[in-house]
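J.: Mind looking over this structure? Questions follow.
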């Protein structure tokens, strides 16, 4: 049996894991490595990619900055989350705001320190990334649509830095990136519909609050329709191996998403819609392996 002190420590660790959304960071880390192996450098030996110290430092710095970003976002959204996510918010509050801020600065320092081993340009990139996340959390997220746009841009930035590292400028990579960007942007707007109660209480100027739920739905539908364009291109015009199956399923789910969105009228519906987009994004990470199944089997065997 754990003592009361050990139980409290365990709860605080779980609280910190909840604040930094450790599961999201693990997914982003996995996605960066899979994208590096199967999309950005498919002709390089697996060992050379996996044991590339610069790639490891890039992924590590990205994870540290993202974790710090979740902390500062949680810090500014503490009151709003009490309304929108009461259960999670109570868990998050087991860790003091002072400790969160201290951890925020430590993580960012470690990220820049890791980047300094790569190059001065890496230091500049991650410093700008840190500033961008802070500016978004402090100011920009309260500005309708601009906040959503910046959030989606920050979300794909870890993939941008890996893309630049490998200097792979093939068109198919830009189409993949566009698909992901539009999907994340639509998801950000769905979250605004989902969190309207807390946003109104804290005077956040989101799209559904300023222009109404119908206008927000119309923008989301437009984004989903635009998302279908790169998805169809990846199915019909580019060689993505068996990953085309993922994009076919994604197209079907996105059409279903539009139908459900038109009928949605409350938070419960918006949570389901949010989960559909989240599911598409998560499955997309593992579907990268389908680009070259023979390569996967050869590397395993």
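J.: When only Cα pairs under 8 Å and 6 or more residues apart are kept, what is the percent relative contact order across the chain? Kindly include the intermediate steps, with their values, before the conclusion.
T.: On the way: 316 pairs, mean separation 58.3, N = 301.
Rounded, it is 19 percent for the chain.
J.: Compute the semi-axes of the equivalent ellipsoid of segment 22-168, taking the square root of 5 times each eigenvalue of the Cα gyration tensor, and list them largest first in whole Å. It would help to have the intermediate numbers written out before the result.
T.: On the way: eigenvalues 173, 50, 46 Å².
In descending order the semi-axes read 29, 16, 15 Å.
J.: Can you give the FRET efficiency to the nearest 0.05 for residue 56 and residue 168, using r as the Cβ-Cβ distance and R₀ = 25 Å?
T.: Working: r = 19 Å, r/R0 = 0.74.
Here the calculated transfer efficiency is 0.85.
J.: Starting from the Cα-Cα distance between residue 160 and residue 79, subtract it from 0.36 nm times their residue separation and give me the gain in nm to one decimal.
T.: Going from the current span to full extension adds 25.9 nm.
J.: Based only on Cα atoms, what mean projected area does the convex hull of the chain have, in nm²?
T.: Working: hull surface 69.6 nm².
Taking a quarter of the hull surface, the average projection is 17.4 nm².
J.: I would also like to ask the following. Quick check: residue separation of residue 283 and residue 105 times 0.36 nm, minus the Cα distance between them. What number comes out in nm?
T.: The span from residue 283 to residue 105 would gain 60.8 nm if fully extended.
J.: Under the definition of Cα pairs under 8 Å and six or more residues apart, what whole-number percent is the relative contact order of segment 22-168?
T.: Result for segment 22-168 is 31 percent.
J.: How large is the helix-only mean residue ellipticity at 222 nm for the chain, computed as the sum of -39500 (n - 2.57) over DSSP H runs with n ≥ 4, divided by its residue count, in deg cm²/dmol to the nearest 500? Before the final figure, lay out each step's value.
T.: Values: 16 runs with 242 residues, N = 301.
The per-residue figure over the chain is -26500 deg cm²/dmol.
J.: Points 7 angstrom from Cα along the Cβ direction at residue 119 and residue 13: gap in nanometres?
T.: For residue 119 paired with residue 13, the spin-label model returns 3.9 nm.
J.: What relative contact order, as a whole-number percentage, does segment 170-301 give when Cα pairs under 8 Å and 6 or more residues apart are counted? Intermediate results must be reported in sequence, preceding the final value.
T.: Numbers: 115 pairs, mean separation 40.5, N = 132.
Taking the mean separation of contacting Cα pairs over the length of segment 170-301, I get 31 percent.
Any read-out appearing in this document is the output of simple, stated calculations on the displayed coordinates, not a laboratory observation. A quick note: this is a predicted structure, and the numbers were derived from the prediction, not measured. So basically every Cβ, Gly included, is an ideal-geometry build from the backbone, and we count neighbours across all protein chains shown.
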